[in-house]
Amino acid sequence: MGKTVALPDEAEKPTAVAVEHGGTDYDGTSTLAPTGTRGTDVEKGSQAGADGGEAAAMRAEYKKRERKLLLKLDFGILPFAVLLYLSAYLDRGNLANARLEGLETEVLDGKDTNYSLALCMFYITYILLSVPGTLLAKAISPSTSISIGALIWSIGATCQAAAFNRAGLFVCRLFVGVGEAMFGQAMALHLTYWYTKEDLAKRIGLFISAGSLSGAFGGLIAYGVTSIKNASIAQWRILFLIEGCPSVVLAICVFLFMPNRPEISRYLNEDERTLCLTRLNRENLQESGGIDYRGVKRCFTDWKTYVISVMYSCMNLTLGSVGGFLPTIIKGFGYSNARAQLFTVPPYAVALVFMLLLTSFSDWRQSRGIPVCVPFMLGMIGWAVLLAVPASSATHSDYAGRYFACICIVTAGYTNIPLIMAWQSANTGNQSQRAASLGMLNALGQCLSLAAAFLFPTAEGAQFTKGCSVNLAFQALGFTIAACMTLWYRWENRRRDRVEGGRPPKGTPLDVLDKHDLAPGFRYTP
């Protein structure tokens, strides 16, 4: 029997989707090929004959139910995503704060090179395991794979407090990278299981915004730790314990309570499940579990995967520079260690607000390329100012200009993360291609983060000419790639419109399982 869910469209007559639940017949009249979810067949049909008044009422009712569903999804999924990302970035980035608390002197023999190597240890495992870690979330339950990753990184981050030599610290950083490789892109993939393309960038932006929050919280926590006097252990050890232990508890909560996939999650009732799957099916986003290796192969053979990953790497060079050296750059203004920690907070707060505004605009306009160009321009401005304005014998206005530049580079580093992830996700044909592409985005896109660890040697402080120059060049490269790709996507969409005689009606089933983003009717998000 068919259970019908009305799907009114602003430009079309209302449609209906028949979903067989083996229950009561709800006046469904026609069906198309089933998509299949846990014994549930989601089918498309049409409901004709409704007059204008009935259609308007149906649209209003559908929008009301849709808003209620989205609100429930936001409350059930996004808090876990935000807390996980906040935890991940606190545990990843606290090395920079610990450096000012004495870590480099006590454990790393007071050498810049050892500190840079400690930063690199994280990225080695993070890069190597990004693709397998993301595909694992496709192969098994996302809540299980993500919670395992969170448990690994939180234990590794907490154990940093027990390091007494550089080898111990290096091993801990390797394990932090292992855990986070199973989380970052996997969480973005998990959101695509629940949200449509129109909802995605803002939601990814909301959980990525926790990265900005972590920078602000990290600075405040580090500032608070500096006020602890006469403690039995070093202040940097206290910092690692304060930021690492809560993450262990969070990992357990994620395993127990985070919703899994919409077709099997007990978080939704049957009506909500039907509506959620219907929305996904309209954009051909629903797919059975397990890995389709044809999609993985399409990812590895698609030139766009590598071009977008290079652009993402340009962004990550600035992000790695900010995460590893922002407190050091600000300390070069003449501040004490404690005040330098405190003054890292405002740039992250500005980045948070700017990110949420730009991702909301990107979702509203369904445009990614032009919004991606904006943070790259901010990054160019910020690094150019740091390069041009003198750090030594600086006046008050010089310091103000350099602090403004710090705000620009932090904003540039964080704002583009959700935009590029949403862009890559929207332009893949199915979940397996999407999982592999997001993993590749992180694997290739983090390579320049390794270079960031060596761009700011103490000998070049506080001007850091090499670090600023290299970052400026790669921000310009990222801007160029973003501009070229948005133009190419627009050109390709117009070409397909000509070849296919226009775009198919919204909700038309596409052969994305076999042909991926090359399927007739598929259009890229520019």
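The values are calculated or read from the model by the stated rules, or taken from the named source; none is laboratory data. Since we're looking at a predicted model, the values are computed, not measured. Positions of Cβ are backbone-derived with ideal geometry, glycine not excepted, and every protein chain shown enters the neighbour counts. Areas reflect the complete protein model, heavy atoms only, side chains present, ligands, DNA and RNA absent. Shrake-Rupley method; radii C 1.70, N 1.55, O 1.52, S 1.80 Å.
Some notes on this structure:
- Membrane-span-like helices of the chain, defined as complete DSSP H segments with a Cα extent of 30 Å or more along the helix axis and a mean Kyte hydropathy of at least 1.0, are identified as 235-257, 345-365.
- Estimated from the Cβ-Cβ distance and a Förster radius of 51 angstrom, the FRET efficiency linking R65 and I124 is about 0.60.
- Using the Cβ-Cβ distance between A167 and C245 with R0 = 30 Å, the FRET efficiency computed as 1/(1 + (r/R0)^6) comes to roughly 0.85.
- Accessible surface, per residue, of the chain when the full set of protein chains is kept, probe 1.4 Å, Å²: 38 Å²
- Cβ-based charge dipole, the chain, positive-most Cα from L387, I242, A181: L387
- Across the chain, the relative contact order, built from alpha-carbon pairs under 8 Å that are at least six residues apart, equals 19 percent.
- Protection proxy ranking of 214-223, 501-510, by the mean of other Cβ atoms within 10 Å over each peptide's residues and highest first, is 214-223, 501-510.
- Extension gain from L78 to S336, taking 0.36 nm per residue of separation minus the Cα-Cα distance: 89.2 nm
- Net charge over other residues, Cβ less than 14 angstrom from the Cβ of D91 (K, R count +1; D, E count -1): 0
- Heavy-atom accessible surface of the chain: percent carbon and sulfur, 1.4 Å: 65 percent
- Chain lengthening between R490 and K197 when straightened (0.36 nm per residue, less Cα-Cα): 103.8 nm
- Label-point gap, in nm, between D271 and T144 - each point 7 angstrom along Cα→Cβ: 3.2 nm
- Point-charge dipole on Cβ atoms (K/R +1, D/E -1) for the chain, about Cα centre, debye to 20: 640 debye
- Listed candidates (1) 1.15; (2) 1.02; (3) 1.10 - label of the one calculated as Cα Rg over 2.2 N^0.38 Å: (2)
- Calculated SAXS-style log₁₀ I(q)/I(0) at q = 0.13, 0.14, 0.20, 0.21 Å⁻¹ - region 282-441, Debye, Cα scatterers: -0.69, -0.77, -1.19, -1.27
- When peptides 352-358, 93-99, 125-131 are ranked by their average number of other Cβ atoms within 10 Å per residue, the highest-first order is 93-99, 125-131, 352-358.
- Compared with the direct C-alpha span, the chain from D514 to T480 gains 9.0 nm at full extension, assuming 0.36 nm per residue.
- Computed over Cα pairs, the Kirkwood radius of region 410-450 leads via Stokes-Einstein (0.890 mPa s, 25 °C) to a diffusion coefficient of 225 µm² per second.
- Region 102-125 and region 381-416: distance between their alpha carbon centers, rounded to Å: 26 Å
- Using the Cβ-Cβ distance between I370 and T301 with R0 set to 30 Å, the FRET efficiency works out to roughly 0.60.
- Largest to smallest principal axis extent of the C-alpha atoms in region 151-282, angstrom: 60, 25, 22
- Order by protection proxy (mean Cβ within 10 Å, highest first), peptides 63-70, 477-484: 477-484, 63-70
- Pairs exceeding 23 Å between alpha-carbon atoms, taken from K63/K138; K197/K304; K68/K197; K68/K138; K111/K331: K63/K138; K68/K138.
- Placing a label point 7 Å from the Cα of D109 along the Cα-to-Cβ direction, the residues of region 162-202 whose backbone N falls under 19 Å from that point are 163-173.
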